[in-house]
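Right, one structure below, let's go through it.
The values are calculated or read from the model by the stated rules, or taken from the named source; none is laboratory data. Since this is a predicted model, take the numbers as computed values, not measurements. Please note: Cβ atoms are built from the backbone with ideal geometry, for glycine as well, and neighbour counts cover all protein chains shown. Each accessible area value is taken on the protein alone, full model and side chains, heavy atoms only, with ligands, DNA and RNA left out. Shrake-Rupley method; radii C 1.70, N 1.55, O 1.52, S 1.80 Å.
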Amino acid sequence: MQPNKTKLALQIGAVVLGALCASNSYADPFQAQVSTLDDVSILTVTALDFGENITTTASGECTMDADQPANTDVLTDANVTATTYGVLTGTNCVGGGAAIGTPGVYSVTGIGGLDVNLTVTTLTQSDDFTFAPQGCGVVHDNAGTDGDVCNAYTLGAPLTMTLANATDNGASSANLAHFTVGGTITVGATGLSSDTNYPVTFNVDVVY
């Protein structure tokens with residue numbers, strides 16, 4: 001749509017030309033352009049899975065580390081050695097730190113090179129347990145250097161991620177950035193049932 005700038009044009013003309021000829025006026029059309037952005041989308045790369053590593057004991061915790069993924073896990077050039085990635089620790093983890101779970105990995109796709117804000121929040125699970133997500137979101141440096149980072153997010157607070165573009169170095173793919181989800185399961189006072197699958201849910205908001 002072309003906004004009507006006639007009034008503005010006449011005001012400018014009156015100031016400039018009023019002392020010369022009060023009857024002289026003009027109006028020019030002004031054009032305005034509005035461009036829209038491609039919607040961001042979120043896809044599951046690897047589903048979050050604690051595995052058969054949670055004990056049924058009441059009032060305990062099990063935490064999965066997801067803050068330091070390897071570059072191949074989240075398609076970055078950071079070359080991080082993921083020594084603790086997926087490690088489970090806590091009183092309700094089998095082996096007390098010996099077990100390994102599978103952190104969730106998710107991709108945010110949009111316009112390469114732009115920033116997006118990621119907010120991860122917890123949802124009510126059940127009377128049996130609660131879940132507090134924890135992980136990191138990738139910031140691509142979009143340069144020919146190994147400058148990508150995966151910054152830890154704070155639950156409920158926006159984290160700025162940068163989508164990769166075609167110039168980003170390493171294993172990254174254009175137009176997307178990954179984030180990870182691990183976190184802490186806290187078992188309720190009544191404990192869990194053995195040989196039972198419990199769904200874990202959380203909420204993710206991503207906006208430009």
Honestly the stretch 71-182 on the Cα gyration tensor test (a ≥ b ≥ c root eigenvalues; a/c under 1.5 rounded, otherwise a/b vs b/c for prolate or oblate) is just oblate
Within the stretch 41-207: Cβ-based charge dipole about Cα centre, in debye rounded to nearest 20 (Lys, Arg +1; Asp, Glu -1): 120
Zone reached by a paramagnetic label modelled 7 Å from residue 166 Cα along Cα→Cβ, restricted to the stretch 101-135 with backbone N below 12 Å, covers 112
Accessible area per residue of the stretch 41-207 at 1.4 Å probe, in Å²? 45
Residue 195 to residue 45: FRET efficiency via 1/(1 + (r/R0)^6), r the Cβ-Cβ distance, R0 35 Å, to the nearest 0.05? 0.80
Along the stretch 130-135, Karplus-curve 3J(HN,Hα) (6.51, -1.76, 1.60; θ = phi - 60°) to the nearest Hz, with x for Gly and Pro, reads 10, 9, 10, x, 8, x
Using a cut-off of under 12 Å, list every residue of the stretch 182-208 whose amide N is near the label point 7 Å from the Cα of residue 52 along the Cα-to-beta-carbon line. 195-197
With every protein chain in place, the stretch 41-207: carbon and sulfur % of accessible area (1.4 Å): 50
Note, ³J(HN,Hα) from phi for the stretch 82-87, Karplus 6.51, -1.76, 1.60, rounded to Hz, x at Gly and Pro: 8, 6, 10, 5, x, 5
Would you mind checking which residues have amide H under 5 Å from residue 159's amide H? H placed 1.01 Å from N; only 5 or more apart, or other chain. 118, 119
Give a residue-ordered list of calculated ³J(HN,Hα) values for the stretch 197-208 (Karplus: 6.51 cos²θ - 1.76 cosθ + 1.60, θ = phi - 60°; whole Hz; x for Gly, Pro). 8, 10, x, 10, 10, 7, 10, 10, 10, 10, 9, 5
For the stretch 77-137, restrict the atom set to alpha-carbon positions and state the Rg and Dmax in Å. 15.5, 44
Net length gained if the chain between residue 207 and residue 174 were fully extended (0.36 nm per residue, minus Cα distance): 10.1 nm
